[in-house]
Amino acid sequence: MSHPSLLPGQPHVARAEGALQVEGQALQALAQQHGTPLFVYSQQWMLDALAAYRRGFEGRDALICYAIKANSSLGILRVFAEAGCGFDIVSGGELARVLAAGAEPAKVIFSGVGKTRAEMRQALAAGIGCFNVESEAEIDVLNEVALALGKRAPISVRINPNVDPKTHPYISTGLKGNKFGVAHDRAVAVYRHAAALPGLEVVGIDCHIGSQITESDPYLDAVERVLDLVQAIESHGIRLHHLDFGGGLGIDYNGDTPPAADALWQQLLARLDARGFGERRIVIEPGRSLVGNAGVCVTEVLYTKPGEEKNFCIVDAAMNDLPRPAMYQAFHRIEPVLRREGVAAVRYDVVGPVCESGDWLGRDRDLAVQAGDLLAVFSAGAYCMSMASNYNTRTRAAEVLVHGDKATLIRRRETIEDQLRTEMP
Ligand code: LLP
């Protein structure tokens, strides 16, 4: 009898008779069909994650802009576009992607510290909803570019609220020492300057304090600090139509316990209500929490290699496919796709073929595997494929989106010809 066992954080990834499935589709069969490494995503997980945000905002004027840097594959963007989401982008390339996926330009916001003039022109021509500007210099350039096109650019200024999100230093963005946003103390002056420029139209205020945040407090602190500024800015007659609180909500990688999106937003909205801002339009930019636990990466064990101090399990996925362990010492759960009887579990470092000691996917994992077996690397929906590279001239993996009884290839495996096409010998 089959007893699918639900795994924390990933209810659509289950075992049936020992075999891992995503929404009922066997990973072994998908890997046989499409090869490895292979990313497999559950569409239902994404829709459930989105539904939790929407429950939190019920009865409010809120726009959820999926931060596509988390996973920008067109097949994933289409899911969010069809669900009516907006998008948070950080480059002209990301703008082209969301438009190709059917985004409504008015629901697109453009974040990032270093927009080029060409990107500004591209976004103005598309008619995006808001530029989140991050410096006084950028404000002046955007004003010039907009005037040259005979347009007014809608803007929010990204404020650096100087709160500690209590996350990895590389993904913490709202502290004084970070390159992001305009300092809290400068905000009023910057808004007054922007409001006086003819090529700009101030529409909102923005902040984003970091990523993989697992507590509510940093958000609540940031909200209070942003609302203080809203009051100060509006006292100069500048109306802020929307309040953008960024993204950053964490997911469960390894027993992490982030607040649920609906609970978090109800808490935050209570703060807004208490200070009389409950009617204001809210914009948010979640990335990881909409896709992170929707995905697994299936990889084949190439060799097992006993060592003097460590045993290595060498797999065909590597740091170019799954860069998070190498970059942030991130933990991703790793499990065999099929439970193997008769092989004793051994403690391994799971490593890829790339020629770097930093190329590891998991350390000190007890696994009963042998060459030819498949492993699933969990929580691989966010910041894996979108950060994948061609290092060591490895071709990027294929991606499959599962929904109900359908498994759709949304990205074919890259070929070496794809890679060489842009180069001249
Ligand atoms: N908005 C802005 C302005 C951002 O910079 C980011 C992420 C987001 C929204 C979405 O944040 P999320 O909801 O996904 O936490 N590569 C790292 C994460 C980098 C996050 C960069 N900014 C990782 O793999 O952990």
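The values are calculated or read from the model by the stated rules, or taken from the named source; none is laboratory data. Keep in mind that this is a model prediction, so the values were computed, not measured. With ideal geometry, Cβ positions are generated from the backbone for all residues, glycine too; neighbour counts draw on all protein chains shown. For the accessible areas, the whole protein counts, side chains as well, though only heavy atoms, and no ligand, DNA or RNA atoms are used. Shrake-Rupley method; radii C 1.70, N 1.55, O 1.52, S 1.80 Å.
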What is the one condition in (1) touching a Leu at 6+ places or on another chain (Cβ under 9 Å); (2) assigned to a strand (DSSP E or B); (3) open to solvent by 40 Å² or more (accessible area, probe 1.4 Å) that Arg271 does not satisfy?
-> (2)
Candidate set: the range 109-120, residues that are more than 12 Å from the ligand (Cβ to nearest atom) and touching a helix residue (DSSP H, G or I) at 6+ places or on another chain (Cβ under 6 Å); chosen: the one most open to solvent (accessible area, probe 1.4 Å) | Arg117
Taking only the range 203-226 into account, find how many residues are surrounded by fewer than 22 Cβ atoms within 10 Å (Cβ to Cβ) and not in a helix (DSSP H, G or I).
-> 4
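Just checking, does the range 150-159 include any residue being closer than 18 Å to His208 by Cα and in a helix (DSSP H, G or I)? Give the derivation first.
Our first condition is that a residue be closer than 18 Å to His208 by Cα; within the range 150-159, this holds for 155-159.
Narrowing further to those that are in a helix (DSSP H, G or I): none.
Within the range 150-159, none of the residues are closer than 18 Å to His208 by Cα and in a helix (DSSP H, G or I).
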Given the conditions (1) touching a helix residue (DSSP H, G or I) at 6+ places or on another chain (Cβ under 9 Å); (2) modelled with pLDDT of 95 or more, and given that Val13 satisfies all but one, which numbered condition is not satisfied?
-> (2)
Of everything in the range 177-218 that's within 16 Å of the ligand (Cβ to nearest atom) and hydrophobic (A, V, I, L, M, F, W, C), which residue is farthest from the chain's Cα centre (by Cα)?
-> Val182
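Please find, among Arg339, Arg347, the residue that is free of Cβ contacts under 8 Å to residues at least 60 places away in the same chain, open to solvent by 70 Å² or more (accessible area, probe 1.4 Å) and more than 16 Å from the ligand (Cβ to nearest atom). Lay out the reasoning, then the answer.
Values: Arg339 fails: free of Cβ contacts under 8 Å to residues at least 60 places away in the same chain.
Criteria check complete, one pass: Arg347.
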Determine, yes or no, whether Asp359 is more than 16 Å from the ligand (Cβ to nearest atom), open to solvent by 80 Å² or more (accessible area, probe 1.4 Å) and touching a residue at least 40 places away in the same chain (Cβ under 8 Å).
-> no
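On the given criteria, is Ile238 among the β-branched types (Val, Ile, Thr), touching a Gly at 6+ places or on another chain (Cβ under 6 Å) and outside any helix (DSSP H, G or I)?
Working: among the β-branched types (Val, Ile, Thr): yes; touching a Gly at 6+ places or on another chain (Cβ under 6 Å): no; outside any helix (DSSP H, G or I): yes.
No, not satisfied.
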Going through (1) open to solvent by less than 10 Å² (accessible area, probe 1.4 Å); (2) touching a Leu at 6+ places or on another chain (Cβ under 7 Å); (3) away from the ligand (no atom under 13 Å from the Cβ) one by one, Pro286 fails only at (3)
Give the number of residues within the range 61-115 that are in contact with a Pro (Cβ under 8 Å, 6 or more places away or on another chain) and either without any contact (Cβ under 8 Å) to a residue 60 or more places away in the chain or more than 24 Å from Gln212 (Cα to Cα) (or both).
-> 1
Which residues, taken from the range 274-283, are more than 16 Å from the ligand (Cβ to nearest atom), modelled with pLDDT of 95 or more and open to solvent by less than 20 Å² (accessible area, probe 1.4 Å)?
-> Phe277
